[in-house]
Amino acid sequence: ARVPHYDCLARVQLQLRNMVKAVAPKPDPDKPGSFLPNGAAAKTGLNRSISDAGWGVFLTILRAKAESAGREVIAVDPRNTSRTCPRPECGHVAKENRPNQETFHCVSCGHQAHADTVGATNVLRAGLVRRQANAA
């Protein structure tokens, strides 16, 4: 997709600085001076992947391209975007709506979809609402 084909682009407002923070150590209450496993090695690998992906650079380029094309980029708060039912008549928000990484299944109305599709739909909807509010 090309930026000039769209009036506005909605994206998740990523807090990259927070995403790459180190894991806090977990002191072992039974052994003073020693620590419990805290997943630091896995988090280090994830932090490296986040940094390598160049998300900050991508967002800078996206913003510049949109600006040069006279388009708007709207950042949306990511909270609950993949846990909220996208059906306008439902809108139920629950952790249980997303039983795993890929699946969305609303426990209220039964709607099923891929979790990424649900998240993208909700980000777009929130972006359009923000855009309308900014215009007013």
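The values are calculated or read from the model by the stated rules, or taken from the named source; none is laboratory data. Keep in mind that this is a model prediction, so the values were computed, not measured. Using ideal geometry, Cβ is built from the backbone for each residue, glycine included, and neighbour counts are taken over all protein chains shown. Note: accessible area is taken over every heavy atom of the protein model, side chains too, but ligands, DNA and RNA are not part of it. Shrake-Rupley method; radii C 1.70, N 1.55, O 1.52, S 1.80 Å.
Across segment 83-97, what is the total count of residues that are open to solvent by 30 Å² or more (accessible area, probe 1.4 Å), over 20 Å from R11 (Cβ atoms) and within 17 Å of the chain's Cα centre (by Cα)?
Of the residues in segment 83-97, 2 are open to solvent by 30 Å² or more (accessible area, probe 1.4 Å), over 20 Å from R11 (Cβ atoms) and within 17 Å of the chain's Cα centre (by Cα).
Considering only residues that are over 23 Å from T117 (Cα atoms) and either touching a Lys or Arg at 6+ places or on another chain (Cβ under 8 Å) or surrounded by 11 or more Cβ atoms within 10 Å (Cβ to Cβ) (or both), which ones fall in segment 67-82?
E67, A69, R71
Got at least one residue in segment 122-130 being more than 19 Å from Y6 (Cβ to Cβ) and surrounded by 13 or more Cβ atoms within 10 Å (Cβ to Cβ)?
So far as segment 122-130 goes, no, none of its residues is more than 19 Å from Y6 (Cβ to Cβ) and surrounded by 13 or more Cβ atoms within 10 Å (Cβ to Cβ).
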